[in-house]
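Q: Input: one structure, supplied below.
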Amino acid sequence: MPSHTYTRQLPVGEPTDVLVVGSGPSGLGAALAAARNGASVRLVERFGFLGGNLTAGLVGPCMTSFSLDGTVQLVRGIFDEFVRRMVRVGGAVHPSETRSGSPYSGFMVYGHEAVTPFDPEAAKMVALDMCEEAGVELLLHTFVADALTEERRVTGVVVGNKSGLGVLPATTVIDCTGDGDVAARAGAGFDLGRDGDGRMQPMTLFFRVGDVDDDAVRAYQDAHPDERFPFQGLVEEAGADGSFTLPRRGIQLFKTLEPGVWRINTTRVLGLDGTDAGDLTTGEITARRQVVELMRFFRDRLPGMRNCKLLDTAATIGVRETRRVRGEHLLTLDELTSGRSFEDTIAVAGYPVDIHSPTGPNGPFDDGIPPTANIYEIPYRSLVPRDLDNLLLSGRCVSATHEALAAIRVMPPSFAMGEAAGVAAALARRDGVLPRAVDVPELQRLLLAQGAYLGPRFESAALR
């Protein structure tokens, strides 16, 4: 590709102790935790509202924050506060009140005990209120395009917005972009996709439909208890007679808080790279055309959906996997299935490995992947990139294998990782050390004191 040298002087913003890039679940957790622990925090977000996949992506419900068997709530802290505040304004159901196999869980059982239905508009306002109360400085409508470095340190990021280009300096940067954009621009090593061929999980555009006959949908599911995915038999019939071919084995749909309104997680776009703008453009176009075809299929063939209407599509296509930044520890599938204990545990989760096949209709939960432990741990070192000294990772760009990331990439663990990264950044500032050198027992103590849960090993410590 031809290149062009472009040079100009850029205005430099006031420095902050912590700069969080991206306001999705991990970014919210990071910004709130850092600010509540005494750091000055700036949160940069490309949309005009907070929430990332919670809001712009229309992704919902939040997958389980409980152990795999649904008996213990694992992700607490800021996530639980966020949910309970939405519940108070009528915008969510607490996960302790939901069950697998129900409409809220999309009629799915495995891995779907104790999900969190919520309204994205409630999420936008609760996120805004919590950030403003904590003193987080917000900068919306702003895209991070580059990183400035000196040796192994990120000295600032280059942003673009309606005001033009500028530089935002910070002592510590937390990359919550999902794609590891800041880490990659700063020169950190990373991997893309699965080992062997580098293929990544497919993209999906969520959308919502209204005027659904909830009782008829439930009646079909009750009459077909052996179908693993909703409406699987009807999808297979349509494929067999050639009337409709779906890139999924069923219709993933989740009841919302509003009667007759369901979220649809069924579009699927294969073979694209979410770090490539051309591929993202192709993905958006392809997925939106799939929505049109799906709506036609819903009305023609699905019980309870004859008169359904399209309410809205997500502001952005959902990307399940791109860069996995190489960190001090690579979290593996074996560690999730064995429930390995770590000295530097900063979060626990129970959501299973959820791989949507990069090459076909299979998934989730059916690629021969062994089940995870009932509770598994995430170490702090997976949030610390090997190649950079003052940057932390959170969300789906952390250091993990393709298989392990497929379990921890969902929203509740992302909240927990973000909270840990935010506390660590504030602790590094307080003690005058690099993030990789923070006192991990002190980090764990602070997380426990602020309502996080780190598993049974730490329960006695939480009481002290």
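Here, each number is a calculation from the coordinates, and none is a lab measurement. Keep in mind the model is a prediction, meaning the values are calculated, not measured. Using ideal geometry, Cβ is built from the backbone for each residue, glycine included, and neighbour counts are taken over all protein chains shown.
Q: Can you check what the net charge comes to around residue 65, using other residues whose Cβ is under 11 Å from the Cβ of residue 65 (Lys, Arg +1; Asp, Glu -1)? List each step's numbers first, then the result.
A: Working: positive: 76; negative: 80, 113.
Overall, the nearby charge balance is -1.
Q: Still on this model: Could I have the simple spin-label model distance between residue 223 and residue 236, label points 7 Å from Cα toward Cβ, reported in nm to one decimal?
A: 1.7 nm
Q: May I pose another question? May I ask you to derive the relative contact order of the chain, considering only C-alpha pairs under 8 Å and at least 6 residues apart, and to give it as an integer percent?
A: Details: 1123 pairs, mean separation 104.6, N = 464.
Here the relative contact order equals 23 percent.
Q: Counting only chymotrypsin sites (Phe, Trp or Tyr not before Pro) that are in a DSSP loop and have at most 15 other C-beta atoms within 10 Å, tell me the longest site-free stretch of the chain. Don't jump to the answer; show the numbers that get you there.
A: Numbers: sites that count: 6, 110.
Result, exposed sites excluded: 111-464.
Q: For residue 162, go through the aspartates and glutamates and keep the ones whose alpha-carbon is under 15 Å away, minus same-chain ones fewer than eight residues off.
A: The qualifying aspartates and glutamates are 45.
Q: Another one. Please compute the Cα-Cα pair-distance distribution of the range 1-112 with 5 Å bins starting at 0, giving whole percents from short to long.
A: All Cα pairs considered, the percentages come to 2, 9, 15, 17, 16, 12, 9, 6, 4, 4, 4, 1.
Q: Give, rounded to the nearest 20 debye, the magnitude of the charge dipole that the chain has about its Cα centre when Lys and Arg contribute +1 at Cβ and Asp and Glu contribute -1 at Cβ.
A: 540 debye
Q: Specify which residue in the list 295, 50, 5 is farthest towards the positive end of the charge dipole of the chain, using unit charges on the beta carbon of Lys, Arg (+1) and Asp, Glu (-1), about the Cα centre.
A: Final value for the positive-end residue is 5.
Q: State the answer as a single residue: which of 120, 447, 221 lies farthest towards the positive end of the charge dipole of the chain, with beta carbon charges of +1 for Lys and Arg and -1 for Asp and Glu, about the Cα centre.
A: It is 120, whose Cα lies furthest towards the positive end.
Q: If you don't mind, there's one more thing I want to ask. So for the pair residue 343, residue 433, with labels modelled 7 Å out along Cα→Cβ, what separation do we get in nm?
A: 1.3 nm
Q: If you don't mind, another one. Can you give the percent of C-alpha pairs in the chain whose distance is more than 33 Å?
A: Percent of Cα pairs beyond 33 Å in the chain: 32.
Q: Just to be sure I understand: if I project the alpha-carbon convex hull of the range 207-313 onto a plane and average over all orientations, what area do I get in nm²?
A: If I average the Cα hull's projected area over directions, I get 7.3 nm².
Q: Relative to the longest principal Cα axis of the chain, at what angle does helix 77-88 sit, 0 to 90 degrees, rounded to 10?
A: Computed tilt is about 50 degrees.
Q: Which GluC sites (Glu not before Pro) from the range 268-376 combine a DSSP loop assignment with at most 13 other Cβ atoms within 10 Å?
A: Sites meeting the loop and neighbour criteria: 343.
Q: Could you list the trypsin sites (Lys or Arg not before Pro) in the range 1-62 that lie in coil according to DSSP, counting only those with at most 10 other Cβ atoms within 10 Å of their Cβ?
A: 8
Q: Oh, and also: Show log10 I(q)/I(0) for the range 290-367 at q = 0.14, 0.19 Å⁻¹, two decimals, from a solvent-free Debye sum over equal Cα scatterers.
A: For the requested q values the scattering log ratios are -0.78, -1.05.
Q: Would you order 105, 26, 100 from fewest to most other beta-carbon atoms within 10 Å of each residue's own beta-carbon?
A: Least crowded to most crowded, the residues run 100, 105, 26.
Q: Another one. What's the local net charge at residue 430, with K and R +1, D and E -1, over the other residues with C-beta under 11 Å away?
A: -3
Q: Hey, if you put +1 on the Cβ of every Lys and Arg and -1 on every Asp and Glu Cβ in the range 113-190, which of 139, 188, 149 ends up farthest toward the positive end of that dipole?
A: 149
Q: Among 125, 411, rank each residue by its count of other Cβ atoms within 10 Å, from fewest to most, as a rough exposure measure.
A: If I rank by nearby Cβ atoms, fewest first, I get 125, 411.
Q: Compute the signed sum of charges (Lys and Arg +1, Asp and Glu -1) over the other residues within less than 11 Å, Cβ to Cβ, of residue 35.
A: Residues near residue 35 contribute -2 overall.
Q: Determine, for 266, 401, the number of other Cβ atoms within 10 Å of each Cβ, and report the residues in order from fewest to most.
A: Ranked by crowding around the Cβ, least crowded first: 401, 266.
Q: Using the beta-carbon distance between residue 8 and residue 150 and R0 = 22 Å, what value does 1/(1 + (r/R0)^6) give for FRET efficiency, to the nearest 0.05?
A: Here the calculated transfer efficiency is 0.65.
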